[in-house]
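Participant: The structure follows.
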Amino acid sequence: MAEYDLVIRGGTVVTAADKTACDVGVKDGKVVALADKLGPGAEEIDATGKLVLPGGIDSHCHIDQPSSMGATTADDFHSGTVSAACGGTTCIIPFAAQHRGQSLRAVVQDYHSRAEGKAVLDYAFHLIISDPTEQVLGQELPALIKAGYTSFKIYMTYDALKLDDRQVLDVLATARREGAMVMVHAENHDVISWLSDRLHEAGHVAPKFHAVAHAAAAEREATHRAITMSEIVDVPLLIVHVSGKEAIDHIRTAQARGLRLYAETCPQYLFLTADDLDKPGFEGAKMMCSPPPRDAANQEFVWNGLTTGVFEVFSSDHAPYRFDDPEGKKMHGENAPFKKVANGVPGLEIRMPMLFSEGVRTGRLDIHDFVALCSTNAAKLYGLYPQKGTIAVGADADIAIWDPDKEVTVSVDMLHDNMDYTPYEGRRVTGWPVITLSRGEVVWRDGKVTAEPGRGRFLPCALPDAAKPLGRPVHGFQPVTGDYTP
Ligand code: DUC
Ligand code: ZN
Ligand code: ZN
(Lines give C-alpha, C1' and ligand atoms only; values in the text may rest on other atoms or scores of the structure.)
(Ligands and ions follow the chains in the order given, each with its own letter.)
Protein backbone atom coordinates (compact mmCIF):
# COMPACT_ATOMS: atom_id res chain seq x y z
CA MET A 1 0.00 0.00 0.00
CA ALA A 2 1.51 3.32 -1.05
CA GLU A 3 2.12 5.73 1.81
CA TYR A 4 1.84 8.79 -0.45
CA ASP A 5 -0.09 9.72 -3.56
CA LEU A 6 3.15 11.03 -5.01
CA VAL A 7 6.80 11.06 -4.06
CA ILE A 8 9.31 13.35 -5.76
CA ARG A 9 12.66 11.65 -5.19
CA GLY A 10 16.25 12.72 -5.22
CA GLY A 11 15.89 16.40 -6.15
CA THR A 12 17.18 19.53 -4.47
CA VAL A 13 14.32 21.36 -2.79
CA VAL A 14 14.87 25.11 -2.81
CA THR A 15 12.62 27.62 -1.07
CA ALA A 16 13.07 31.31 -0.34
CA ALA A 17 14.96 30.29 2.79
CA ASP A 18 16.46 26.82 2.42
CA LYS A 19 18.14 24.39 0.08
CA THR A 20 17.75 20.71 1.05
CA ALA A 21 18.45 17.46 -0.75
CA CYS A 22 15.31 15.51 0.17
CA ASP A 23 12.24 13.72 -1.12
CA VAL A 24 8.82 15.35 -1.15
CA GLY A 25 5.76 13.32 -0.11
CA VAL A 26 2.36 14.46 -1.35
CA LYS A 27 -1.09 13.33 -0.19
CA ASP A 28 -4.47 14.82 -1.08
CA GLY A 29 -2.79 17.64 -2.97
CA LYS A 30 -0.69 18.79 -0.01
CA VAL A 31 2.95 18.39 0.90
CA VAL A 32 2.92 16.00 3.88
CA ALA A 33 6.58 14.99 4.23
CA LEU A 34 10.01 16.37 3.44
CA ALA A 35 12.69 13.82 4.29
CA ASP A 36 15.24 11.40 3.01
CA LYS A 37 14.19 8.02 1.66
CA LEU A 38 10.44 8.41 2.00
CA GLY A 39 8.25 5.31 1.68
CA PRO A 40 6.55 4.43 -1.61
CA GLY A 41 4.18 6.69 -3.49
CA ALA A 42 1.39 5.59 -5.80
CA GLU A 43 3.20 7.77 -8.32
CA GLU A 44 6.91 8.52 -8.24
CA ILE A 45 8.94 11.20 -9.98
CA ASP A 46 12.70 10.90 -10.24
CA ALA A 47 14.08 14.42 -9.74
CA THR A 48 17.77 13.46 -9.61
CA GLY A 49 19.85 16.40 -10.83
CA LYS A 50 16.81 18.66 -10.82
CA LEU A 51 15.72 21.63 -8.73
CA VAL A 52 12.42 21.27 -6.93
CA LEU A 53 11.01 24.79 -6.53
CA PRO A 54 7.72 26.25 -5.33
CA GLY A 55 5.56 26.92 -8.36
CA GLY A 56 5.61 30.54 -9.41
CA ILE A 57 2.88 33.00 -8.58
CA ASP A 58 2.27 35.53 -11.32
CA SER A 59 0.59 38.29 -9.39
CA HIS A 60 0.18 40.75 -12.24
CA CYS A 61 -1.43 39.48 -15.43
CA HIS A 62 -4.38 40.53 -17.53
CA ILE A 63 -6.46 37.54 -18.60
CA ASP A 64 -9.65 37.76 -20.66
CA GLN A 65 -9.78 41.45 -19.80
CA PRO A 66 -11.18 43.94 -22.30
CA SER A 67 -8.74 46.85 -22.40
CA SER A 68 -9.81 50.39 -21.57
CA MET A 69 -9.04 51.20 -25.24
CA GLY A 70 -11.39 48.51 -26.55
CA ALA A 71 -8.85 45.87 -27.58
CA THR A 72 -9.20 42.29 -26.36
CA THR A 73 -6.53 40.34 -24.54
CA ALA A 74 -5.70 37.20 -26.49
CA ASP A 75 -5.59 34.77 -23.58
CA ASP A 76 -8.55 33.37 -21.76
CA PHE A 77 -8.25 31.47 -18.50
CA HIS A 78 -7.43 28.27 -20.35
CA SER A 79 -4.62 29.44 -22.63
CA GLY A 80 -3.33 31.82 -19.95
CA THR A 81 -3.04 29.22 -17.21
CA VAL A 82 -1.67 26.58 -19.60
CA SER A 83 1.01 29.00 -20.73
CA ALA A 84 1.82 29.92 -17.13
CA ALA A 85 2.12 26.25 -16.13
CA CYS A 86 4.53 25.51 -19.00
CA GLY A 87 6.86 28.17 -17.59
CA GLY A 88 6.77 26.92 -13.99
CA THR A 89 3.97 29.09 -12.63
CA THR A 90 1.24 27.38 -10.61
CA CYS A 91 -0.94 30.25 -9.48
CA ILE A 92 -2.03 33.49 -11.10
CA ILE A 93 -3.60 36.64 -9.73
CA PRO A 94 -5.19 38.47 -12.66
CA PHE A 95 -7.57 41.41 -12.39
CA ALA A 96 -11.31 41.77 -12.14
CA ALA A 97 -11.46 45.18 -13.75
CA GLN A 98 -14.18 47.69 -13.07
CA HIS A 99 -15.15 50.06 -15.85
CA ARG A 100 -16.76 53.30 -14.76
CA GLY A 101 -20.39 52.92 -13.84
CA GLN A 102 -20.10 49.20 -13.13
CA SER A 103 -20.87 47.61 -9.81
CA LEU A 104 -17.80 45.89 -8.37
CA ARG A 105 -19.85 42.89 -7.34
CA ALA A 106 -21.08 42.41 -10.91
CA VAL A 107 -17.51 42.74 -12.18
CA VAL A 108 -16.33 40.02 -9.83
CA GLN A 109 -19.13 37.70 -10.88
CA ASP A 110 -18.30 38.32 -14.51
CA TYR A 111 -14.62 37.40 -14.02
CA HIS A 112 -15.58 34.25 -12.12
CA SER A 113 -17.63 33.13 -15.07
CA ARG A 114 -14.67 33.84 -17.37
CA ALA A 115 -12.41 31.61 -15.24
CA GLU A 116 -14.76 28.76 -14.38
CA GLY A 117 -14.43 25.68 -16.53
CA LYS A 118 -11.25 27.01 -18.10
CA ALA A 119 -8.45 27.59 -15.59
CA VAL A 120 -5.97 24.74 -15.16
CA LEU A 121 -4.24 26.47 -12.23
CA ASP A 122 -5.54 28.01 -9.03
CA TYR A 123 -6.24 31.72 -9.18
CA ALA A 124 -7.19 34.68 -7.04
CA PHE A 125 -8.32 38.12 -8.20
CA HIS A 126 -7.11 41.63 -7.61
CA LEU A 127 -9.77 44.24 -8.25
CA ILE A 128 -9.21 47.27 -10.47
CA ILE A 129 -11.09 50.26 -9.11
CA SER A 130 -11.81 52.97 -11.65
CA ASP A 131 -14.99 54.35 -10.10
CA PRO A 132 -14.58 54.82 -6.35
CA THR A 133 -18.08 56.05 -5.56
CA GLU A 134 -19.43 56.15 -2.01
CA GLN A 135 -21.35 52.97 -2.71
CA VAL A 136 -18.22 51.21 -4.00
CA LEU A 137 -15.90 52.33 -1.19
CA GLY A 138 -18.46 52.24 1.60
CA GLN A 139 -20.25 48.98 0.83
CA GLU A 140 -19.17 46.89 -2.11
CA LEU A 141 -15.45 46.99 -1.48
CA PRO A 142 -15.57 46.19 2.26
CA ALA A 143 -17.86 43.22 1.54
CA LEU A 144 -15.59 41.98 -1.25
CA ILE A 145 -12.49 42.35 0.92
CA LYS A 146 -14.18 40.14 3.53
CA ALA A 147 -14.96 37.63 0.78
CA GLY A 148 -11.29 37.26 -0.16
CA TYR A 149 -10.54 40.02 -2.68
CA THR A 150 -7.99 41.74 -0.50
CA SER A 151 -5.94 43.70 -3.02
CA PHE A 152 -6.76 46.23 -5.68
CA LYS A 153 -5.02 48.21 -8.38
CA ILE A 154 -5.60 51.87 -9.07
CA TYR A 155 -4.33 53.95 -11.97
CA MET A 156 -2.92 57.45 -12.07
CA THR A 157 -3.11 57.44 -15.88
CA TYR A 158 -5.29 56.17 -18.79
CA ASP A 159 -8.39 58.23 -19.56
CA ALA A 160 -10.82 55.47 -18.71
CA LEU A 161 -9.16 54.34 -15.50
CA LYS A 162 -7.35 57.23 -13.87
CA LEU A 163 -8.23 58.47 -10.40
CA ASP A 164 -7.47 61.99 -9.30
CA ASP A 165 -5.43 62.52 -6.15
CA ARG A 166 -8.48 62.99 -3.97
CA GLN A 167 -9.89 59.67 -5.17
CA VAL A 168 -6.53 58.00 -4.60
CA LEU A 169 -6.60 59.25 -1.01
CA ASP A 170 -10.14 57.93 -0.57
CA VAL A 171 -9.13 54.49 -1.84
CA LEU A 172 -6.02 54.45 0.36
CA ALA A 173 -8.08 55.38 3.43
CA THR A 174 -10.54 52.57 2.65
CA ALA A 175 -7.68 50.09 2.29
CA ARG A 176 -6.27 51.24 5.62
CA ARG A 177 -9.59 50.82 7.38
CA GLU A 178 -10.21 47.37 5.87
CA GLY A 179 -6.63 46.01 5.92
CA ALA A 180 -6.30 45.55 2.15
CA MET A 181 -3.29 46.01 -0.17
CA VAL A 182 -3.26 48.78 -2.77
CA MET A 183 -1.25 48.50 -5.97
CA VAL A 184 -0.70 51.61 -8.03
CA HIS A 185 0.13 52.28 -11.67
CA ALA A 186 2.20 55.42 -11.20
CA GLU A 187 2.56 57.65 -14.25
CA ASN A 188 1.58 61.30 -14.51
CA HIS A 189 -1.43 61.37 -16.82
CA ASP A 190 -1.36 65.03 -17.84
CA VAL A 191 2.33 64.94 -18.65
CA ILE A 192 1.87 61.87 -20.85
CA SER A 193 -1.18 63.21 -22.65
CA TRP A 194 0.39 66.64 -23.15
CA LEU A 195 3.57 65.10 -24.57
CA SER A 196 1.52 62.72 -26.74
CA ASP A 197 -0.48 65.61 -28.19
CA ARG A 198 2.66 67.62 -28.98
CA LEU A 199 4.28 64.59 -30.64
CA HIS A 200 1.16 63.85 -32.68
CA GLU A 201 0.89 67.47 -33.84
CA ALA A 202 4.47 67.26 -35.05
CA GLY A 203 3.75 64.03 -36.92
CA HIS A 204 5.74 61.86 -34.53
CA VAL A 205 3.30 59.00 -34.31
CA ALA A 206 5.42 55.86 -34.79
CA PRO A 207 5.56 53.31 -31.95
CA LYS A 208 8.96 54.57 -30.77
CA PHE A 209 7.38 57.86 -29.70
CA HIS A 210 5.29 55.98 -27.14
CA ALA A 211 8.49 55.71 -25.10
CA VAL A 212 9.10 59.44 -25.46
CA ALA A 213 5.59 60.36 -24.31
CA HIS A 214 5.74 58.01 -21.33
CA ALA A 215 8.78 59.85 -19.99
CA ALA A 216 10.70 58.45 -17.05
CA ALA A 217 10.16 61.79 -15.31
CA ALA A 218 6.38 61.26 -15.54
CA GLU A 219 6.78 57.91 -13.81
CA ARG A 220 9.13 59.44 -11.23
CA GLU A 221 6.73 62.24 -10.36
CA ALA A 222 3.70 59.98 -10.00
CA THR A 223 5.70 57.49 -7.96
CA HIS A 224 6.70 60.24 -5.57
CA ARG A 225 3.13 61.51 -5.38
CA ALA A 226 1.76 58.03 -4.69
CA ILE A 227 4.34 57.47 -1.96
CA THR A 228 3.46 60.83 -0.43
CA MET A 229 -0.23 59.99 -0.37
CA SER A 230 0.39 56.58 1.19
CA GLU A 231 2.49 58.27 3.86
CA ILE A 232 -0.20 60.83 4.60
CA VAL A 233 -2.84 58.11 4.94
CA ASP A 234 -0.34 55.89 6.78
CA VAL A 235 -1.03 52.82 4.68
CA PRO A 236 1.32 50.42 2.86
CA LEU A 237 1.45 50.65 -0.92
CA LEU A 238 2.83 48.55 -3.76
CA ILE A 239 4.13 50.32 -6.86
CA VAL A 240 3.67 48.02 -9.85
CA HIS A 241 5.76 47.61 -13.04
CA VAL A 242 8.63 49.93 -12.11
CA SER A 243 10.75 50.60 -15.17
CA GLY A 244 14.00 52.19 -14.03
CA LYS A 245 16.21 54.49 -12.02
CA GLU A 246 13.99 57.52 -11.67
CA ALA A 247 11.22 55.67 -9.85
CA ILE A 248 13.60 53.30 -8.07
CA ASP A 249 15.44 56.22 -6.45
CA HIS A 250 12.22 57.46 -4.84
CA ILE A 251 11.19 53.98 -3.75
CA ARG A 252 14.57 53.27 -2.22
CA THR A 253 14.52 56.56 -0.33
CA ALA A 254 11.02 55.89 1.01
CA GLN A 255 11.98 52.37 2.06
CA ALA A 256 15.08 53.73 3.80
CA ARG A 257 12.82 56.13 5.70
CA GLY A 258 11.01 53.08 7.01
CA LEU A 259 7.79 53.33 5.00
CA ARG A 260 6.02 50.07 4.21
CA LEU A 261 6.49 50.51 0.52
CA TYR A 262 6.70 47.59 -1.88
CA ALA A 263 7.65 47.46 -5.52
CA GLU A 264 7.27 45.17 -8.49
CA THR A 265 9.16 44.93 -11.76
CA CYS A 266 8.73 42.79 -14.87
CA PRO A 267 10.79 41.06 -17.61
CA GLN A 268 10.30 43.87 -20.12
CA TYR A 269 12.38 46.21 -17.94
CA LEU A 270 15.29 43.75 -17.85
CA PHE A 271 15.19 42.35 -21.37
CA LEU A 272 13.83 45.11 -23.64
CA THR A 273 14.81 48.73 -24.24
CA ALA A 274 13.10 51.68 -25.91
CA ASP A 275 15.20 50.89 -29.00
CA ASP A 276 13.06 47.78 -29.46
CA LEU A 277 10.13 50.08 -30.21
CA ASP A 278 12.16 51.63 -33.01
CA LYS A 279 11.65 48.86 -35.56
CA PRO A 280 10.76 49.29 -39.23
CA GLY A 281 7.10 49.98 -39.94
CA PHE A 282 4.70 49.01 -37.20
CA GLU A 283 6.91 46.26 -35.70
CA GLY A 284 7.77 48.39 -32.68
CA ALA A 285 4.13 48.16 -31.54
CA LYS A 286 4.93 44.62 -30.40
CA MET A 287 7.07 46.03 -27.58
CA MET A 288 4.75 48.85 -26.51
CA CYS A 289 3.78 48.73 -22.88
CA SER A 290 3.35 51.25 -20.08
CA PRO A 291 5.61 52.27 -18.55
CA PRO A 292 7.83 51.55 -21.56
CA PRO A 293 11.18 49.80 -21.48
CA ARG A 294 13.98 52.36 -20.98
CA ASP A 295 17.69 51.82 -21.82
CA ALA A 296 20.61 49.59 -20.88
CA ALA A 297 21.60 51.78 -17.91
CA ASN A 298 18.07 51.54 -16.53
CA GLN A 299 18.10 47.77 -17.00
CA GLU A 300 21.14 47.72 -14.71
CA PHE A 301 19.27 49.76 -12.09
CA VAL A 302 16.40 47.29 -12.23
CA TRP A 303 18.82 44.37 -11.79
CA ASN A 304 20.35 46.20 -8.88
CA GLY A 305 16.90 46.74 -7.35
CA LEU A 306 16.20 43.02 -7.64
CA THR A 307 19.43 42.03 -5.93
CA THR A 308 19.31 44.66 -3.18
CA GLY A 309 15.75 44.17 -1.99
CA VAL A 310 14.06 47.23 -3.49
CA PHE A 311 11.69 44.88 -5.34
CA GLU A 312 9.55 42.30 -3.62
CA VAL A 313 7.85 40.99 -6.72
CA PHE A 314 8.82 39.96 -10.24
CA SER A 315 5.64 39.50 -12.27
CA SER A 316 4.91 39.44 -15.99
CA ASP A 317 2.26 42.16 -16.45
CA HIS A 318 1.14 39.77 -19.20
CA ALA A 319 -1.15 41.94 -21.34
CA PRO A 320 -1.39 39.99 -24.59
CA TYR A 321 -2.58 41.86 -27.65
CA ARG A 322 -1.98 39.99 -30.89
CA PHE A 323 -0.02 41.85 -33.55
CA ASP A 324 -1.80 40.90 -36.76
CA ASP A 325 -5.27 41.18 -35.39
CA PRO A 326 -7.99 43.82 -35.69
CA GLU A 327 -8.79 43.21 -32.01
CA GLY A 328 -5.14 43.53 -30.99
CA LYS A 329 -2.33 45.96 -31.79
CA LYS A 330 -3.84 46.76 -35.21
CA MET A 331 -7.26 47.68 -33.87
CA HIS A 332 -6.87 51.09 -35.49
CA GLY A 333 -5.03 49.84 -38.55
CA GLU A 334 -1.53 48.94 -39.69
CA ASN A 335 -0.01 52.30 -39.00
CA ALA A 336 -2.09 53.60 -36.13
CA PRO A 337 -0.55 56.47 -34.19
CA PHE A 338 0.99 55.27 -30.93
CA LYS A 339 -1.80 56.84 -28.85
CA LYS A 340 -4.26 54.38 -30.37
CA VAL A 341 -2.25 51.20 -29.93
CA ALA A 342 -3.13 48.87 -27.04
CA ASN A 343 -0.41 48.83 -24.40
CA GLY A 344 0.99 45.54 -23.25
CA VAL A 345 3.37 42.67 -23.88
CA PRO A 346 3.02 38.95 -23.16
CA GLY A 347 5.27 37.25 -20.62
CA LEU A 348 3.46 34.64 -18.50
CA GLU A 349 5.52 31.70 -19.73
CA ILE A 350 8.98 33.24 -20.08
CA ARG A 351 8.90 35.24 -16.82
CA MET A 352 10.64 32.66 -14.66
CA PRO A 353 12.88 30.93 -17.22
CA MET A 354 14.33 34.25 -18.42
CA LEU A 355 15.02 35.47 -14.89
CA PHE A 356 16.49 32.08 -13.98
CA SER A 357 18.70 32.07 -17.04
CA GLU A 358 19.91 35.67 -16.90
CA GLY A 359 19.81 36.04 -13.12
CA VAL A 360 20.47 32.76 -11.33
CA ARG A 361 22.61 31.08 -14.00
CA THR A 362 24.84 34.10 -14.41
CA GLY A 363 25.30 34.43 -10.65
CA ARG A 364 23.66 37.85 -10.46
CA LEU A 365 20.70 36.63 -8.44
CA ASP A 366 20.69 34.27 -5.49
CA ILE A 367 18.37 31.31 -6.13
CA HIS A 368 16.49 31.94 -2.87
CA ASP A 369 15.84 35.51 -3.99
CA PHE A 370 14.63 34.11 -7.31
CA VAL A 371 12.07 31.96 -5.46
CA ALA A 372 11.07 34.86 -3.22
CA LEU A 373 10.64 37.30 -6.12
CA CYS A 374 8.74 34.89 -8.37
CA SER A 375 6.57 33.17 -5.78
CA THR A 376 6.92 33.50 -1.99
CA ASN A 377 6.72 37.27 -1.64
CA ALA A 378 3.59 37.53 -3.77
CA ALA A 379 1.93 34.85 -1.59
CA LYS A 380 2.78 36.91 1.49
CA LEU A 381 1.83 40.29 0.06
CA TYR A 382 -1.53 39.11 -1.21
CA GLY A 383 -2.65 36.78 1.57
CA LEU A 384 -2.00 33.35 0.07
CA TYR A 385 0.91 32.25 2.24
CA PRO A 386 1.67 29.51 3.35
CA GLN A 387 -0.93 27.65 1.27
CA LYS A 388 0.94 28.92 -1.78
CA GLY A 389 4.47 30.21 -2.34
CA THR A 390 6.57 27.61 -0.56
CA ILE A 391 7.32 23.91 -0.23
CA ALA A 392 6.51 23.04 3.36
CA VAL A 393 4.44 20.47 5.22
CA GLY A 394 0.83 21.59 4.93
CA ALA A 395 1.30 23.73 1.83
CA ASP A 396 -0.40 22.92 -1.47
CA ALA A 397 1.87 20.75 -3.60
CA ASP A 398 2.33 23.45 -6.22
CA ILE A 399 5.79 22.59 -7.45
CA ALA A 400 7.94 23.10 -10.52
CA ILE A 401 10.76 20.67 -11.21
CA TRP A 402 13.47 22.49 -13.09
CA ASP A 403 16.21 21.19 -15.30
CA PRO A 404 18.78 23.91 -14.66
CA ASP A 405 20.74 22.96 -17.77
CA LYS A 406 17.94 22.67 -20.29
CA GLU A 407 18.63 24.93 -23.27
CA VAL A 408 15.67 26.50 -24.98
CA THR A 409 15.38 28.98 -27.82
CA VAL A 410 12.34 31.15 -27.17
CA SER A 411 9.97 31.40 -30.09
CA VAL A 412 6.30 32.08 -30.57
CA ASP A 413 5.83 28.50 -31.79
CA MET A 414 7.03 26.84 -28.59
CA LEU A 415 5.04 29.05 -26.22
CA HIS A 416 1.51 28.10 -25.20
CA ASP A 417 -0.23 31.45 -25.01
CA ASN A 418 -2.59 32.57 -27.74
CA MET A 419 -0.23 35.16 -29.15
CA ASP A 420 1.13 35.58 -32.66
CA TYR A 421 4.47 36.96 -31.45
CA THR A 422 6.82 37.05 -28.51
CA PRO A 423 9.03 40.08 -27.81
CA TYR A 424 11.80 37.60 -26.98
CA GLU A 425 11.90 35.67 -30.29
CA GLY A 426 15.24 33.88 -30.71
CA ARG A 427 16.57 34.47 -27.18
CA ARG A 428 18.59 31.57 -25.79
CA VAL A 429 17.57 30.52 -22.29
CA THR A 430 19.21 27.96 -20.02
CA GLY A 431 16.99 26.37 -17.37
CA TRP A 432 13.32 25.46 -17.80
CA PRO A 433 10.79 23.48 -15.78
CA VAL A 434 10.32 19.94 -17.04
CA ILE A 435 7.39 19.08 -14.77
CA THR A 436 4.84 21.40 -13.17
CA LEU A 437 2.52 20.14 -10.45
CA SER A 438 -0.61 21.84 -9.20
CA ARG A 439 -1.93 20.43 -5.91
CA GLY A 440 0.13 17.32 -6.62
CA GLU A 441 -1.29 16.78 -10.09
CA VAL A 442 1.03 16.88 -13.09
CA VAL A 443 -0.14 19.69 -15.36
CA TRP A 444 2.93 19.93 -17.60
CA ARG A 445 5.51 17.23 -18.27
CA ASP A 446 8.23 16.85 -20.86
CA GLY A 447 6.63 19.23 -23.30
CA LYS A 448 3.05 18.01 -22.87
CA VAL A 449 0.15 19.73 -21.17
CA THR A 450 -1.75 17.17 -19.10
CA ALA A 451 -4.28 19.32 -17.22
CA GLU A 452 -8.02 19.35 -17.72
CA PRO A 453 -9.60 22.76 -18.23
CA GLY A 454 -11.56 23.84 -15.17
CA ARG A 455 -9.47 21.99 -12.58
CA GLY A 456 -8.12 25.31 -11.26
CA ARG A 457 -9.83 26.67 -8.14
CA PHE A 458 -10.56 30.16 -6.95
CA LEU A 459 -8.48 31.18 -3.93
CA PRO A 460 -9.96 33.67 -1.49
CA CYS A 461 -7.10 35.76 -0.08
CA ALA A 462 -6.56 36.58 3.59
CA LEU A 463 -5.86 40.10 4.78
CA PRO A 464 -2.10 40.35 4.33
CA ASP A 465 0.09 41.29 7.30
CA ALA A 466 2.09 43.32 4.78
CA ALA A 467 -0.89 45.70 4.43
CA LYS A 468 -0.88 46.69 8.10
CA PRO A 469 -0.23 50.39 8.68
CA LEU A 470 2.88 51.44 10.52
CA GLY A 471 0.79 53.48 12.94
CA ARG A 472 2.71 56.66 12.20
CA PRO A 473 0.08 59.11 11.01
CA VAL A 474 1.54 62.28 9.61
CA HIS A 475 1.23 65.24 12.02
CA GLY A 476 -0.96 63.27 14.40
CA PHE A 477 -3.89 63.22 11.98
CA GLN A 478 -5.80 59.92 11.92
CA PRO A 479 -6.85 59.56 8.30
CA VAL A 480 -9.72 57.17 8.84
CA THR A 481 -11.40 58.65 11.91
CA GLY A 482 -10.30 62.23 11.35
CA ASP A 483 -9.03 62.39 14.98
CA TYR A 484 -6.20 64.77 15.63
CA THR A 485 -3.59 64.33 18.32
CA PRO A 486 -0.97 67.05 18.16
N1 DUC B 1 0.32 48.68 -18.95
C2 DUC B 1 -0.64 48.55 -18.03
O3 DUC B 1 -0.80 49.40 -17.19
N4 DUC B 1 -1.42 47.49 -18.06
C5 DUC B 1 -1.37 46.52 -19.04
C6 DUC B 1 -0.25 46.59 -19.94
C7 DUC B 1 0.54 47.80 -19.90
O8 DUC B 1 1.40 48.00 -20.71
ZN1 ZN C 1 -0.44 49.23 -15.02
ZN1 ZN D 1 -0.83 45.61 -15.90
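The values are calculated or read from the model by the stated rules, or taken from the named source; none is laboratory data. What you see is a predicted model; the values in this text were computed from it and never measured. Neighbour counts run over all protein chains shown; Cβ positions are idealised from the backbone, glycine included. Keep in mind that these areas ignore ligands, DNA and RNA; they rest on the heavy atoms of the full protein, side chains included. Shrake-Rupley method; radii C 1.70, N 1.55, O 1.52, S 1.80 Å.
Participant: Among the candidates Thr133, Thr174, which residue alone is open to solvent by less than 10 Å² (accessible area, probe 1.4 Å) and among the hydroxyl-bearing types (Ser, Thr, Tyr)?
Facilitator: Thr174
Participant: In addition: Checking Val107 against (1) open to solvent by 50 Å² or more (accessible area, probe 1.4 Å); (2) assigned to a helix (DSSP H, G or I), which test does it fail?
Facilitator: (1)
Participant: Show me the helices (runs of 4 or more DSSP H) entirely contained within segment 211-281 in which 3 or more residues are open to solvent by 10 Å² or more (accessible area, probe 1.4 Å).
Facilitator: 216-233, 245-256
Participant: One residue is enough: does segment 341-349 have a residue meeting the conditions at positive phi and either of a type in the set (D, E, K, R) or more than 24 Å from the chain's Cα centre (by Cα) (or both)?
Facilitator: No, that holds for no residue.
Participant: Hey, Asp396 hits all of (1) surrounded by fewer than 22 Cβ atoms within 10 Å (Cβ to Cβ); (2) of a type outside the set (Val, Ile, Thr); (3) away from ligand 1 (no atom under 16 Å from the Cβ) but one; which does it fall short on?
Facilitator: (1)
Participant: If only one of Glu349, Glu327, Glu334, Glu358 is buried (at least 24 other Cβ atoms within 10 Å of the Cβ) and among the acidic types (Asp, Glu), which one is it?
Facilitator: Answer to the selection: Glu349.
Participant: Can I ask one more? Given the structure, is Ala74 out of contact with any strand residue (DSSP E or B) (no Cβ under 7 Å at 6 or more places or on another chain) and either modelled with pLDDT under 95 or within 16 Å of ligand 1 (Cβ to nearest atom) (or both)?
Facilitator: Answer is yes for this residue.
Participant: Residues Gly80, Gly56, Gly87: which one is under 11 Å from the mean Cα position of the chain (by Cα), open to solvent by less than 20 Å² (accessible area, probe 1.4 Å) and away from ligand 2 (no atom under 16 Å from the Cβ)?
Facilitator: Result of the check over Gly80, Gly56, Gly87: Gly56.
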